[in-house]
1. Could you pull out the residue among ASP75, ASP33, ASP84 that is among the acidic types (Asp, Glu) and outside any helix (DSSP H, G or I)?
2. Take the conditions within 16 Å of VAL248 (Cα to Cα) and surrounded by 10 or more Cβ atoms within 10 Å (Cβ to Cβ) and apply them to ILE36. Does it pass?
3. Which of the residues spanning the stretch 229-248 are surrounded by 11 or more Cβ atoms within 10 Å (Cβ to Cβ) and not in a helix (DSSP H, G or I)?
4. Pick from the stretch 103-121 the residues that are modelled with pLDDT of 95 or more and closer than 23 Å to ILE168 by Cβ: which of them is surrounded by the fewest Cβ atoms within 10 Å (Cβ to Cβ)?
5. Please work out if SER11 is open to solvent by 90 Å² or more (accessible area, probe 1.4 Å) and of a type in the set (Gly, Ala, Ser).
6. In the list ILE201, ILE225, ILE205, which residue meets the criterion of being touching a residue at least 24 places away in the same chain (Cβ under 8 Å), touching a Lys or Arg at 6+ places or on another chain (Cβ under 9 Å) and closer than 17 Å to LYS51 by Cβ?
7. If ASP7 passes every condition in (1) without any contact (Cβ under 8 Å) to a residue 40 or more places away in the chain; (2) closer than 30 Å to LEU238 by Cβ but one, which one does it miss?
Amino acid sequence: LNISTEDFFDSELNIPNSIEEQVKIGNFIKQLDKFITLHQRKLDKLQATKKALLQEMFPEEGQDKPKRRFKGFTDAWEQRKLGDIVDFLDGQRKPLKESDRIKGKYPYYGASGIIDYINDYLFDENLVLLSEDGANIIDRNYPVCFIATGKYWVNNHAHVLKAKAGVIDKFICESLERLDYTKFNTGTAQPKLNQDICQKIVITIPNEDEQKCISEFLNRINNIITLHQRKLDKLKNLKQAYLNEMFV
């Protein structure tokens, strides 16, 4: 899109005649921007804190023990192939074209999480969903792994993983979220993680009790991050609503 300099400076704007009104509107919007910036900084700090903790709470490559552990845990972690610790339920997935979806209360999951709500479901248990394709597998602008709960539908763009006995689903999710999937990519036109490759991904895991402690701790951090994200989104929506009403 290209706008010539002449056309740009010939554009007309609606502004109030009163300088006082302009100043009041400007100050009000400026205050909202300060609140948004403050919440964004808090969110960024929380996300950075979690990232730093993850680096210390999971072993570095080639190591079998993390730097930071909960009291009472000293055993070495084990390397396990993903296919040995989860069952792939991909065969139960079913894609639905947008024209075939009937609106309802059940989440419809794709590679990036919930993309719609429909009137039916395929799964009724907590499962781990891992993106199967899409640029985000490499770009990582948002999560590639998440926990689906309750009743929901999954299309064919996300692998469906069920943790086996002795494995905590939230721990698996956090482990998968930390990985760099560049070396696992099998796509050409767009990044893709096929099931055969995913089955062979190696995860380093501790015993079930330590998995549980780590998962519960990270879950509390995730809840705080989610809370701040919602506050930030609410402020942004509030600003947009005011802009819509305060400007002609």
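1. Answer to the check: ASP75.
2. Against the criterion (within 16 Å of VAL248 (Cα to Cα) and surrounded by 10 or more Cβ atoms within 10 Å (Cβ to Cβ)), ILE36 does not qualify.
3. PHE247
4. Checked the stretch 103-121; the qualifying residue surrounded by the fewest Cβ atoms within 10 Å (Cβ to Cβ) is ILE114.
5. For SER11, the condition - open to solvent by 90 Å² or more (accessible area, probe 1.4 Å) and of a type in the set (Gly, Ala, Ser) - is not met.
6. One residue alone meets the criteria, ILE225.
7. (2)
The values are calculated or read from the model by the stated rules, or taken from the named source; none is laboratory data. Keep in mind the model is a prediction, meaning the values are calculated, not measured. Glycine also receives a Cβ, built like all others from the backbone with ideal geometry; neighbour counts cover every protein chain displayed. Please note that ligands, DNA and RNA were not included when accessible areas were found on the heavy atoms of the full protein model with its side chains. Shrake-Rupley method; radii C 1.70, N 1.55, O 1.52, S 1.80 Å.
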